[in-house]
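The values are calculated or read from the model by the stated rules, or taken from the named source; none is laboratory data. The shown structure was predicted, so the numbers you read here are calculated from the model rather than taken from an experiment. Reconstructed Cβ throughout: ideal geometry from the backbone, glycine too, with neighbour counts over all protein chains shown.
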Amino acid sequence: MTSVRGGLLHVVRPGALTTVQDAGRPGWAHLGVGRAGALDAPAARLANRLLGNPPGAALLETTVTGCAVRPDRTVVAVVGGAGSRVTVDGLPVAWGAPVRVPAGAVLDVGPALDGVRGYLAFAGGLEPEPVLGSRSADLLSGLGPAPLSEGDTLPLGEPADGPPQGPTPWPGAPTELVLPLHLGPRHAWFTPAALRTLTTATYRVSPHSNRIGLRTEGPALERARDGELPSEGMVLGAVQVPPDGRPVVFLNDHPTTGGYPVVGVVPETALAGAAQAVPGTRVRFSVRA
């Protein structure tokens, strides 16, 4: 059974898409299980650090519209990631810094003012039952807790000893997303002209992007050969090119296999900006050796 020794968090307003995330479940791709985890990993780690939590403690990831929750005991919380207005029982409180939320009070995270994904962390973390070592929700496989719905409850962990840390600078949402790209393994499936287009054209973030992948709008990449590949393994940051020719950057909930050619791979360290890039944001790919 799930422990409730630290109290419960009640969902008052779930928002458009709010999920429990932690550092994810790497190492299971051979079984067809993806990584999941917080899309903006640095923001999630910073929110936890401000509360004295372990870096991978479970928290809430909101999408665009925020969420509202009510703890049944007094908690200390941090809202970070995408900028937003934050209130406790209707009164403004600090964004990006620890705030005290009394038992029974409603902590409301408003719509994103910049960026896409907010992170709502609590001292002690959240403690739904882990699946394969992680409490993260994976939207593609359905593993982990379901996206939040009104009336849901989540168990709160016990806070660590010691006071929370003070305010710290947070990065803003990118006005232009420059993604370093290591070509391969299937760049030979595209014409030289297509590869020049990929590295010189400006794409834009599609509104159809999600936790599975950042979709782009812009010039199509012309293939040098016909046919399709047998399914092969896919990694975080793989830039797959579907039949419409527009690159898709795979994010944390990506499939573990796929049959469309991968023209290159974006390093994991460069993907945090993709989590916060709003639709219409300019995207450029920069080839690295």
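Quick grid of which residues meet (1) of a type outside the set (A, V, I, L, M); (2) touching a His at 6+ places or on another chain (Cβ under 9 Å); (3) under 19 Å from PRO98 (Cβ atoms):
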position	(1), (2), (3)
LEU17	no, no, no
GLN21	yes, no, no
THR63	yes, no, no
VAL69	no, yes, yes
ASP72	yes, yes, no
GLY81	yes, no, yes
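If only residues of segment 72-85 that are out of contact with any Pro (no Cβ under 6 Å at 6 or more places or on another chain) and buried (at least 23 other Cβ atoms within 10 Å of the Cβ) are counted, the one that is farthest from VAL278 (Cα to Cα) is VAL75. Return yes when GLY264 is touching a helix residue (DSSP H, G or I) at 6+ places or on another chain (Cβ under 8 Å), crowded, with 16+ Cβ neighbours inside 10 Å, of a type in the set (Gly, Ala, Ser) and closer than 26 Å to LEU31 by Cα and no when it is not. Here the answer is yes, as GLY264 does meet what is asked.
So, in segment 91-129, of the ones that are of a type in the set (Val, Ile, Thr) and within 19 Å of LEU17 (Cα to Cα), which residue ends up surrounded by the most Cβ atoms within 10 Å (Cβ to Cβ)? Selected residue: VAL109. Return yes or no: is GLY118 touching a strand residue (DSSP E or B) at 6+ places or on another chain (Cβ under 8 Å), at pLDDT 95 or above and not in a loop (DSSP other than H, G, I, E, B)? In short, yes.
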